[in-house]
1. For the chain, with the dipole built from +1 on Lys and Arg beta-carbon atoms and -1 on Asp and Glu ones, taken about the Cα centre, which of Gly25, Asn185, Gly225 lies farthest toward the positive end?
2. Give the separation of the Cα centroids, the range 100-129 to the range 217-231, in Å.
3. Need the full-extension length gain, Gln176 to Glu76, defined as separation in residues times 0.36 nm minus the C-alpha distance. One decimal, nm.
4. Could you check what % of the DSSP bridge pairs in the range 6-237 are antiparallel, to the nearest 5?
5. Can you give the angle from 0 to 90° between the axis of helix 209-220 and the longest principal axis of the chain, with both taken from C-alpha atoms, to the nearest 10?
6. Going by average Cβ density within 10 Å per residue, which order do the peptides 132-145, 169-182 take, highest to lowest?
7. How far apart, in nm, are the 7 Å Cα→Cβ label points at Asn122 and Thr99?
8. How large is ³J(HN,Hα), in whole Hz, for each residue of the range 85-90 in order, when computed from phi with the Karplus curve 6.51 cos²θ - 1.76 cosθ + 1.60 and θ = phi - 60°, using x for Gly and Pro?
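Bear in mind these aren't lab numbers, they're just calculated from the coordinates by the rules spelled out. It should be emphasised that the depicted structure is a prediction, and the values quoted were computed from it without experimental measurement. When we count neighbours, we look across all protein chains shown, and the Cβ atoms used for this are built from the backbone with ideal geometry, even at glycine.
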Amino acid sequence: MTNKTTALVTGANKGIGYEIAAGLGALGWAVGVGARDDVRRETAVEKLRAAGVDAFGVPLDVTDDASVAAAAEQLEQRGGLDVLVNNAGITGGWQQEPTVVDPATIRTVVETNVIGVVRVTNAMLPLLQCSASPRVVNMSSTVGSLSLQAANTDATGPISAAYAPSKSFLNAITIQYAKELGDTNILVNAGCPGFVATDLNGFRGYRTPAQGAQIAIHLATLPDGGPTGGYFDDNGPIAW
């Protein structure tokens with residue numbers, strides 16, 4: 001491992017992912033910008049470097065085994081990995097009412113938002129296990145809270161049979177990772193950025209990407225012995 005902390009942020013070429021990369025880079029970390037699109041990825045890297053961040057591009061499609069394996073090999077050759085932020089995600093578009101949703105839409109969303117996280121996390125685990133203070137942060141949402149959905153609160157968003165359940169699934173996976181890795185120093189947590197204005201929601205959110213990035217930065221920098229298997233936003237724990 002290198003002396004400098006190294007993080008990988010998936011889906012980091014824009015929006016919240018970009019701001020997570022910027023925030024971690026401002027701490028003096030080396031930050032891998034994981035993204036599928038070559039032009040957008042390198043544009044983001046150039047912008048981060050211009051801001052003084054030690055950024056590097058990581059070609060990465062979280063739905064592709066070969067792409068993820070190549071990304072892990074690249075990070076190993078660079079010296080290792082300390083922090084993984086699983087930020088890449090899709091909504092699957094709308095409408096998603098369960099009575100009309102195309103099952104293929106559910107499958108596509110889960111492939112990216114859940115299976116993609118498992119694929120990337122498992123590929124990076126051998127590197128994280130060599131780190132002194134490894135962290136895994138899964139970017140979730142309050143729409144994944146079954147408690148809030150059952151209460152029909154304002155935090156649940158539109159009726160969704162793909163996106164919201166994918167975040168509930170992601171939360172469940174987060175708990176299982178934390179349980180399996182409970183006797184290690186790897187902390188695994190899920191974080192909600194809040195309702196952020198991004199292209200994911202047609203820029204309807206009221207929070208900025210920089211504000212949305214703060215929970216990921218917080219969870220990525222937890223001290224040794226910090227919480228694991230948790231679900232948080234800026235105000236603290238979220239009801240499952």
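1. Going by the charge dipole, the pick is Gly25.
2. Result: 22 Å between the Cα centres.
3. 33.4 nm
4. 5
5. Once rounded, the angle reads 60 degrees.
6. 132-145, 169-182
7. 3.8
8. 10, 7, 9, 4, x, 9
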